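Laboratory data are not the source of any read-out in this text; all were calculated from the coordinates shown. On a predicted model such as this, the values are computed, not experimentally measured, just so you know. Neighbour counts run over all protein chains shown; Cβ positions are idealised from the backbone, glycine included.
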Amino acid sequence: MGYNLFDRFLRLLALASGILILVLMMFTVADVFLRYVFNAPFKSVYEFTEFVMAAIVFLGMAYTGWVGGHISVDVFAKWLDRPVWRFLTAALAFVGAALFALIAYRATLESVATIDQVSNRLAWPHFPFRFTVVIGSALLAAVLVIQGVQALRSHAVKEAR
């Protein structure tokens with residue numbers, strides 16, 4: 001039940017990320033159309049793109065990790081079947097979790113310290129988009145901890161046989 005709710009939450013964030021991609025695509029098409037047809041592009045397309053790209057990346061990052069969609073390289077797969085290397089997957093997941101927890105912590109400090117900053121043209125506050133970095137990094141850290149624990153459990157089951 002717990003993983004099901006977590007999975008749904010991550011899917012919802014990934015859906016929001018996908019919707020933002022569509023919004024960005026429509027905004028870009030409209031900007032190009034206005035630029036070449038009426039010679040009147042949007043003045044704030046650069047800032048809008050920066051803000052939305054941060055949200056797109058960090059809202060979808062945890063779900064991508066949850067479903068195993070990140071790029072992985074299996075160059076050393078034949079050597080990793082040895083008993084000594086079996087815990088490498090779990091160890092790497094925990095190191096990644098620590099790294100993304102640190103990113104979430106530092107992004108939180110930065111977001112709180114600059115909570116009153118706004119963009120130049122749009123006058124949008126920065127903090128909602130900076131908090132997407134916090135949320136995405138913290139959720140990916142949680143995903144990596146879960147995957148690390150699952151890797152340890154699967155190795156314990158293999159060794160028990």
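Things to note:
- Phi angles of the range 46-52 translate, via the Karplus equation with coefficients 6.51, -1.76, 1.60 and θ = phi - 60°, into HN-Hα couplings of 5, 5, 4, 4, 4, 5, 5 Hz per residue; Gly and Pro are given as x.
- For the chain, radius of gyration divided by Kirkwood radius, i.e. Rg to Rh on alpha-carbons: 1.11
- MRE, 222 nm, helices only [DSSP H, n ≥ 4, -39500 (n - 2.57), over the chain, to nearest 500]: -26500 deg cm²/dmol
- Among 116-124, 145-153, sorting by the average number of other beta carbon atoms lying within 10 angstrom of each residue, highest first, gives 145-153, 116-124.
- Selected from GLY68, VAL52, PHE33, residue furthest toward positive end of dipole (the range 2-160; charges at beta carbon): GLY68
- Per-residue HN-Hα couplings for the range 114-127 [Karplus 6.51, -1.76, 1.60; θ = phi - 60°; Hz; x = Gly/Pro]: 10, 5, 9, 6, 10, 6, 5, 7, 7, 6, 7, x, 7, 4
- Relative to the longest principal axis of the Cα atoms of the chain, the long axis of helix 2-37 lies at roughly 30 degrees.
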